[in-house]
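Encoded as structure tokens, the structure appears first; notes follow it.
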Amino acid sequence: MRNVQRVPSRSRAPKQPRQFKSKTAVIDGITFDSLTEGAYYVHLKKDQSIKLIEVQPEFKIIDSYEVQCKRCSGTGKRTSSKTGNPINCSLCHGKRRRVKAGAIYTADFRVTYIDGFVEVIDIKGGPVGRDFPLRQKLFELKTGMELIVIRLKNKEWVRD
């Protein structure tokens with residue numbers, strides 16, 4: 001029997017509205033972003049050579065980084081508008097630098113086969129967003145794995 005693992009999602013800001021409208025699908029208690037994604041999940045479950053299917057795994061593609069504080073210009077102090085005295089900057093808290101969050105890429109599936117081979121898969125049911133090629137390259141650079149892009153064409157799953 002194959003294992004199916006749900007990757008726990010972190011609490012994050014609400015998603016921006018999408019350019020492309022797609023209907024969500026719920027299969028085996030798992031909510032998929034599109035009907036195509038759900039259909040591919042059913043296709044994966046039928047494959048006897050698969051040991052583990054992870055749904056929506058997250059990968060850190062850009063680490064957190066520091067930048068010079070814009071409000072105090074890196075001095076750690078700014079002038080109070082009420083008194084005119086120098087006070088600690090409320091944006092960087094007097095540390096002169098701010099930590100910016102990195103970026104996380106969420107794939108559709110991570111599939112582990114019986115022989116130990118692992119694939120990361122992204123399902124595309126329609127046009128690709130402008131930022132996807134960059135995210136794909138960052139993912140491949142950071143993990144050293146190829147991101148497999150799969151589309152449904154003429155009722156057949158095709159790897160791009």
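Would you please put 145-156, 86-97 in order of how densely packed they are, using the mean number of other Cβ atoms within 10 angstrom per residue and starting with the highest?
Working: 145-156: 12.9, 86-97: 14.7.
In decreasing order of mean packing, 145-156, 86-97 become 86-97, 145-156.
Report the FRET efficiency, 1/(1 + (r/R0)^6), for LYS137 and THR75, where r is their Cβ-Cβ distance and R0 is 45 Å, rounded to 0.05.
0.75
First select every other residue whose beta carbon is under 12 angstrom from the beta carbon of ILE123; then total the charges, Lys and Arg +1, Asp and Glu -1.
-2
Dividing the alpha-carbon radius of gyration of the chain by 2.2 N^0.38 Å (N being the number of residues), what value is obtained?
Details: Rg = 21.7 Å, N = 160, 2.2 N^0.38 = 15.1 Å.
Rounded to two decimals, the normalised Rg is 1.43.
Sequence-distant or interchain residues sharing an amide H contact under 5 Å with ARG96, placed H: which?
The answer is GLY76.
Take the Cβ-Cβ distance between VAL42 and ILE104 as r, set R0 to 30 Å, and report the resulting FRET efficiency rounded to the nearest 0.05.
So, using R0 = 30 Å, E works out to roughly 0.65.
What does the net charge come to around GLY144 if you take all other residues with beta carbon closer than 15 Å to its beta carbon, with K and R at +1 and D and E at -1? Show your work: numbers first, answer last.
Values: positive: LYS60, ARG110, LYS137, LYS142; negative: GLU119, GLU140, GLU146.
With Lys, Arg at +1 and Asp, Glu at -1, the neighbours total +1.
Which residues among the stretch 79-112 fall inside the zone where the amide N is under 19 Å from a point 7 Å beyond the Cα of ILE62, along Cα→Cβ?
97-107
Report the net charge of residues surrounding LYS77, where surrounding means a beta-carbon distance below 12 angstrom and charges are Lys +1, Arg +1, Asp -1, Glu -1.
In short, +4.
Would you order ARG159, ARG71 from fewest to most other beta-carbon atoms within 10 Å of each residue's own beta-carbon?
ARG159, ARG71
Can you figure out the FRET efficiency of ASP28 with VAL158, using R₀ = 25 Å and their beta-carbon distance, to the nearest 0.05?
Step by step, r from the Cβ atoms, then E = 0.50.
Consider a paramagnetic label point 7 Å from the Cα of LEU91 along Cα→Cβ; state which residues of the stretch 61-78 have an amide N under 20 Å from it.
Counting backbone N atoms under 20 Å from the label point, the list is 64-78.
Hey, which of these cross-link pairs are over 26 Å Cα-Cα: LYS51/LYS100; LYS23/LYS153; LYS60/LYS155; LYS23/LYS155?
Over 26 Å apart, Cα to Cα: LYS51/LYS100; LYS60/LYS155.
Bear in mind that the values in this text are calculations on the coordinates, not laboratory data. Just so you know, these numbers come straight off a predicted model, no measurement behind them. When we count neighbours, we look across all protein chains shown, and the Cβ atoms used for this are built from the backbone with ideal geometry, even at glycine.
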